[in-house]
1. List the pairs whose first member sits in the stretch 52-63 and is closer than 9 Å to Ala36 by Cα and in a helix (DSSP H, G or I), whose second member is at pLDDT 95 or above and not small (Gly, Ala, Ser), and whose Cβ atoms are under 7 Å apart, counting only residues at least 6 apart or on separate chains?
2. Are any residues in the stretch 37-54 at pLDDT 90 or above and either out of contact with any Leu (no Cβ under 8 Å at 6 or more places or on another chain) or not aliphatic (A, V, I, L, M) (or both), and if so, which ones?
3. In the stretch 1-30, how many residues are part of a helix (DSSP H, G or I) and exposed (fewer than 10 other Cβ atoms within 10 Å of the Cβ)?
4. Cβ-Cβ below 9 Å, separation at least six or inter-chain, first residue in the stretch 22-42 and more than 17 Å from Lys54 (Cα to Cα) and in contact (Cβ under 8 Å) with a residue 40 or more places away in the chain, second β-branched (Val, Ile, Thr) and surrounded by fewer than 16 Cβ atoms within 10 Å (Cβ to Cβ): which pairs?
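The values are calculated or read from the model by the stated rules, or taken from the named source; none is laboratory data. Computed from a predicted model, the values in this text were never measured in an experiment. Because the Cβ atoms are built from the backbone with ideal geometry, glycine has one as well, and the counts that use them run over all protein chains shown.
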Amino acid sequence: MTTYDDWMTATPISAPIPTSVYPLVTLVTVATGLFAAGRFAILDSKTSLVQQIKAALIASVLLGFGSIFASNAAGLYL
């Protein structure tokens with residue numbers, strides 16, 4: 001077989017989770033991200049820098065994935 005034949009007989013890449021679940025994943029990640037962001041906002045200034053960065057990073061990642069899944073659920077695939 002040639003490389004072209006291998007290319008033409010390949011199966012397409014599919015999503016790891018079904019597209020019908022995207023709205024639920026959006027709701028869960030955005031809700032959890034907002035909770036984590038609220039937790040970060042009320043942290044005391046005496047809290048260690050590592051804990052503050054950890055809380056901000058968790059909130060940022062969850063809200064980022066939530067926005068990607070929200071756009072995918074709306075039909076805008078990024």
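1. Leu62/Thr29; Leu62/Thr32
2. Gly38, Arg39, Phe40, Ala41, Ile42, Ser48, Leu49, Val50, Gln51, Gln52, Ile53, Lys54
3. Here the count works out to 7.
4. Val25/Ile17
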